[in-house]
Amino acid sequence: MITCFIRYRVDRKKISQFEEYAKQWIALVKKFGGQHHGYFLPAEGKSDEAICLFSFESLSHYEIYRIQSATDPEAQAVVKLGEDNGILLEWDRTFYRPVFS
């Protein structure tokens, strides 16, 4: 299993738009075979940081998701929503693998 951790910097004035963006990505990750663990948005204070986590069976399954989502009209519409409306200021991805006892 591989888990993708994405840290976003979002426009604080557009948190509700980011929430709609997030809900659409949750459905898309599931559509492409992943398990979404949710988005976590600022709850208090002036934070402009949001995070999300989702997992795929392997890094190769994640790569298949990336290829499929790059040509999927629904996914590309959500990408456009995030980029064109100034909701997303920046983001970065890190991959993790779980350790269980």
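The values are calculated or read from the model by the stated rules, or taken from the named source; none is laboratory data. Treat the numbers as computed from the prediction; the structure is a model and nothing was measured. Ideal geometry is used to build each Cβ from the backbone, glycine not excepted, and the neighbour counts take in all protein chains shown.
In this structure, PHE100 qualifies as without any contact (Cβ under 8 Å) to a residue 60 or more places away in the chain and of a type in the set (A, V, I, L, M, F, W, C). Within region 34-69, the set of residues being over 20 Å from ASN85 (Cβ atoms), part of a helix (DSSP H, G or I) and of a type outside the set (D, E, K, R) comprises LEU59, SER60, HIS61, TYR62, ILE64, TYR65, ILE67, GLN68. The C-beta contact set for region 18-33 (first residue within 15 Å of LYS80 (Cα to Cα), second residue at pLDDT below 95 and surrounded by fewer than 16 Cβ atoms within 10 Å (Cβ to Cβ), distance under 8 angstrom, 6+ apart or interchain) comprises PHE18/ASP11.
Filter region 67-101 down to the residues that are closer than 13 Å to ILE2 by Cβ and at pLDDT 95 or above and list them by number. Result: ARG93, THR94, PHE95, TYR96.
Identify the residue in region 65-79 that is surrounded by 15 or more Cβ atoms within 10 Å (Cβ to Cβ) and of a type outside the set (Ser, Thr, Tyr) and, among all such residues, is farthest from ASP11 (Cα to Cα). Among residues in region 65-79 that are surrounded by 15 or more Cβ atoms within 10 Å (Cβ to Cβ) and of a type outside the set (Ser, Thr, Tyr), the one farthest from ASP11 (Cα to Cα) is ASP72.
Please specify each residue of region 10-24 satisfying the condition of being surrounded by fewer than 20 Cβ atoms within 10 Å (Cβ to Cβ) and either modelled with pLDDT of 95 or more or assigned to a helix (DSSP H, G or I) (or both). Result: ARG12, LYS13, LYS14, ILE15, SER16, GLN17, GLU19, GLU20, LYS23, GLN24.
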